[in-house]
Structures are given as structure tokens and as C-alpha cells.
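Every read-out reported here was derived from the displayed coordinates using simple, explicitly stated rules and does not represent laboratory data. Since the model is a prediction, treat every value here as computed from it, not as a measurement. Cβ coordinates were reconstructed from backbone atoms using ideal geometry, including for glycine residues, and neighbour counts include every protein chain displayed.
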Amino acid sequence: MPVLFLDIGSGTQDALLYSPNMELANCPKFVLPSPARQVSARIDALTLSGRDIHLHGLNMGGGFGGAVSRAVTVGRRVTAEPGAAKALADDPERVRSMGLDIVEHCPQGSVGVYLTDFDPGFWRAWLSAAGLSLPETVVVAAQDHGYHPGVSNRISRFKFWERFLREPQDGMVARPESLLMAVPPADLTRLAAIGSATAGPVADTGAAAMLGALFVPEIEAESRERGILAVNCGNGHTVAFLLFAGRVWGVYEHHTGLLTPERLREHLDRFARGKLSGEEIFADRGHGCLTMDLPPEAKGFTPMYVLGPQRDLLKGAPAAFPAPGGDMMLAGCYGLLKAWREMGEEEGPDGLGLDGPGRTTPSGSSDAPPRGCRSGGCGSRSNSACG
């Protein structure tokens, strides 16, 4: 049965429908607008038409926050159910400070906008329209800042990388493939919401990109013989990894929009030498940097491989720009495929795929309209008026 690998970024969601009995080059691939962009467009359209807006559904990527702000600014009432509010912030008071009301039911006259990173109904319709088989298993990568009350989300996100680098899993430390998680840590609330919708393994987008670089046999072979530097310049974040002998030896993460080519190259040069501190990156409004004691047998970490939609930041640098599987935009999907294979799942885990629980709303029923909606059809596509 096919497996859907989905890499959700801030700008696009990139998909690979993989079939073990099909040549990889012939497997269907898609690059689509991200769920957050779709939600943002829907909110802007409702704002323009003068409608009040009710957010319901699941925690998801919060890239639609600008559209919510625009709606509030022009006087539209925006409400959110508790679960959906977490897409904007885990702290309810912070959500209220944005001008939203957190409510249990859809207010009279509001239009429901369903929030989710993974909508089984969308994928069923999309794949069926293309005449493609529905997947048995869904594997998803997304970025999760994590939830640590009272702590900057820049710190809370980097704690994930710190745990990965320092804490053993199955007796080994910092294995790249272990970043594909059957069950994410409880503080990674976005990935947990995705996992609840798909019943499949999940990973961070930065990890998926790094694994995508290792999907290229020549790059993986080199990383076992000497140290390499893998960099993913995403639309939102730039994440870099030091790799050697089947282990990650360091992680760097910054906000792409704050980086110039010169600053990024200078950071990466010191990062590869173990001379860049996490405190410096945090003070520079990034997330952090952590390097373990670098082994001399790695012979340095100078070979650099760059991926990501903003990879032109390193244009002209002494680096290679691989296209895993022949398509750089699908690097994260190929990384997920690599880790999934190494989990021993080539036959496919017992995931629920698109026949799983569907969209779970607070009412407990799949594909249900928001509570208080009498017209129904307040899903992510129809978004009919409530009340």
C-alpha cells in the first residue's frame, strides 16, 4: 500500500506518495500551499466580506496570525475554541491579548474556519481526483516550537535539540534516524496534534531536511568517513547540523529573515569549528547553537551541503546544493522515507492513513461542525456560517 510522506513548511507542503513496488522517480509528488497559507487566505476573504470568524479544530502551524490580526484591526470579531487557540499561542492570555475571545461554541452569525495541519478529507479528494490510491500510512514533518509556560519559545524549541544531542535513545545518542518519532514528547504539542490525526510517525522539518541530505548515498557515505555540514535554509528557519559516523555532533538554528549571506557564512564557519555559542545566537534573536566535543577523526566539518527554498543565501559559498531524489523541494519527504525505512517499516506500520479518525473536533465526532453551529459544514473547505 502507498505511504504519504508530507513535509509541512511555512510556505509550502511538499508531498511524496511512495509505493514500494514503483520506481521512486515515478512516485507522484506535489508542492502545494501550506495549510497555514490556505487558512490565511480564507480568513482574509471572510474579513473582506465583512464576516466574523470562528476558529475551531486542532493545534497547527500559526502562519495565519497576520490574517487574524488584519481581521481584528478592521473590527471583525474573531473567536477560537480552546484547542484551535493553541495554534496561535499555548498561553490563552496571549491569545486574548491578540484581540480574540476564547469560547466553547460558535457565536451566532460567525463563519467557522477549521484548523488542522493534516486534513484527511482534503487528501482523499486530492488523490482521488488524480486517480491515485489512498495511503495506508501517513508520515509528517512540521516545525514545533514546543510548550514551556513562561519561557521564550525560542528557548523551548531549542531544548528539543539539546535533549536529542545529550540524551541516549535505545542506548545510542543523536542518531539522525531517531528524529522520526512514533510518539513525540508531550511538550511538542503541534506534532502531537498531527500524530493524533494520522496515527503515523512525525518529525521536525529541520530533521527531515537533514535526513534528506543523507538520502543521497554519496553524501551519507562521506559523512561516515569524515565530518560534513548539512544546512537547510527554510522560509522561516535556517537549521544546520554537524554529521559524522552516523551521529549528529551539533545543531544551529536561526530565523532566516534575520540572516544576511555574510552573517550566515560567518556563523556556519565558527559552528563547524565548535566556536559558536548558543548565547550569541539567542542574543542575535535566533534559537541557539550547541556543539558537542568534536572528534578529531572527523577531519573537520568543512564539506557543506545546502538545501531549502532560501538556499540562495549561500550562493557563492564553498558548498554543494544537492537535489535528493532529483527534486530539492522534496528533500524533507525523502528524508522521512529514509528514516521510515531505517525504522524497518518498509512493509508499512499499522497506521490509520486516510481511513483514520479524521478531523477530530472538541465535540468528539470526526468532521463535525463547531459546537453551536446549526448550519453544519463549517469544515476547512466549506466554512459555512454558524448560527
Next item on the list: Would you mind telling me which residue in V202, V111, V139 has the biggest mean-square fluctuation in a Gaussian network model of the chain, where springs connect alpha carbons within a distance under 10 angstrom?
Entry: V111
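How long are the semi-axes of the ellipsoid equivalent to the stretch 35-115, from square roots of 5 times the Cα gyration tensor eigenvalues, in whole Å, largest first?
Values: eigenvalues 52, 38, 29 Å².
Semi-axes from the Cα gyration tensor: 16, 14, 12 Å.
Please report the relative contact order for the chain, taking Cα pairs under 8 Å with a sequence separation of at least 6, and give it as a percent rounded to a whole number.
20
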Notebook entry, point to check: In deg cm²/dmol and to the nearest 500, what is the mean residue ellipticity at 222 nm of the chain if only DSSP H runs of at least 4 residues count, each as -39500 (n - 2.57), divided by the residue total?
Noted result: -9000 deg cm²/dmol
Checklist line | Ranked list, fewest to most other Cβ atoms within 10 Å of each Cβ, for E262, E253 | finding: E262, E253
Next item on the list: With springs only between Cα atoms under 10 Å apart, run a GNM on the chain and tell me which of G65, G112, G335 wobbles the most.
Entry: G65
Item checked: Two-site label geometry, A320 and A45: point separation in nm, points 7 Å out along Cα→Cβ -> 4.4
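Net charge within 10 Å of A208 by Cβ-Cβ distance, Lys/Arg positive one each and Asp/Glu negative one each, not counting A208 itself? Show your work: numbers first, answer last.
Details: positive: K338; negative: D7, D14, D204.
After counting each charged neighbour, the total is -2.
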Margin query: Springs between alpha-carbon pairs under 10 angstrom, Gaussian network model over the chain: which of L307, L258, L290 fluctuates most?
Written below: L258
Next item on the list: Please work out the Cα center distance from the stretch 189-213 to the stretch 3-29, rounded to the nearest Å.
Entry: 14
Next item on the list: In nm, give the distance between the simple-model label positions of M292 and S69, each being 7 Å from the Cα along the Cα-to-Cβ direction.
Entry: 3.9
Item checked: Cβ-defined net charge surrounding R94, 14 Å radius [Lys, Arg +1; Asp, Glu -1] -> -2
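Classify the stretch 146-342 as rounded, prolate or oblate from the Cα gyration tensor: take a ≥ b ≥ c as the square roots of its eigenvalues, call it rounded if a/c is under 1.5, otherwise prolate when a/b beats b/c and oblate if not. Working shown, then result.
On the way: a/c = 1.32, a/b = 1.12, b/c = 1.17.
Because its axes are fairly even, with a/c under 1.5, the stretch 146-342 counts as rounded.
Among 42-48, 192-198, how do they line up from the highest to the lowest mean number of other beta-carbon atoms within 10 Å? Please list the in-between numbers first.
Details: 42-48: 18.4, 192-198: 22.3.
Final packing ranking: 192-198, 42-48.
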Notebook entry, point to check: How would you rank 181-191, 50-60, highest first, on the average number of other Cβ atoms within 10 Å across their residues?
Noted result: 50-60, 181-191
Checklist line | Virtual spin-label span in nm between K159 and A25, 7 Å along Cα→Cβ | finding: 4.8
Margin query: Between the stretch 238-280 and the stretch 127-188, what is the separation of their alpha carbon centroids in Å?
Written below: 20
Next item on the list: Using DSSP to define loop residues, name the trypsin sites (Lys or Arg not before Pro) in the stretch 288-326 whose beta-carbon has at most 16 other beta-carbon atoms within 10 Å.
Entry: K299, K315
Notebook entry, point to check: List the lysines whose alpha-carbon lies under 30 Å from that of K315, not counting same-chain residues fewer than 8 positions away?
Noted result: K29, K275, K299, K338
Next item on the list: Could you pull out every residue, at least 5 positions away or on a different chain, whose amide H is within less than 5 Å of the one on H237? Hs are placed 1.01 Å off N in the peptide plane, and Pro or chain starts have none.
Entry: T256
Next item on the list: Just subtract the alpha-carbon distance of I102 and K299 from 0.36 nm times their residue separation and send over the number in nm, one decimal.
Entry: 65.4 nm
Next item on the list: Looking at the chain, send over the antiparallel percent of its DSSP beta bridges, to the nearest 5.
Entry: 60
Notebook entry, point to check: Which of the aspartates and glutamates could be linked to K159 by a straight reach, that is with a Cα gap under 18 Å, when you skip same-chain ones fewer than 8 residues away?
Noted result: D90, D144, E167, D187, D204, E253, E279, E280, D284
